[in-house]
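Report on one structure; see the data block that follows.
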Amino acid sequence: MNATQIHTPLRQASRDPLVTEILAAVAEEFGLTETEMMAHCRGHGVWRPRMAAMYYTRLLTGCSLPELGRIFGGRSHTTVLRAFRRCRDMIETDDHWAARMDRLLVRLLEKIIVPRANEQGI
């Protein structure tokens, strides 16, 4: 990876515009910037939003695990898979997290999915 790739804005990291929209919506939901969410920090205030973004990006896009790893700051595909599984497990065991993820899904549907469907006449 060269210096230009390292400084490439996140919005250019994926060919799928839905990925960018999901990242922006998750960052907004958690009160972070996309840059903060992609940082290599493992602090409590960052890893949960990043995990939520990985979860919904995997569910709602056709991106492969390696592509998602690249989008999320050069992480390995196994990191993305672990985040997806952990988020899914937390949804099943933590009512507070499940409610937050439900709110986020509704937000994603209202903000991204429904307008896209309307544009396509679905």
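Read-outs throughout are calculated quantities, based only on the coordinates presented, and are distinct from any laboratory measurement. Quick caveat, the model's predicted, so the values are computed rather than measured. FYI the Cβ positions are ideal-geometry reconstructions off the backbone, even for glycines, and counts take in every protein chain you see.
When you filter the trypsin sites (Lys or Arg not before Pro) in region 51-86 for DSSP loop state and at most 10 other Cβ atoms inside 10 Å of their Cβ, nothing is left.
Convex hull over the alpha-carbon atoms of region 7-111: what's its volume per residue in Å³?
Numbers: hull volume 9.6 nm³, N = 105.
Once divided by residue count, the hull of region 7-111 is 91 Å³.
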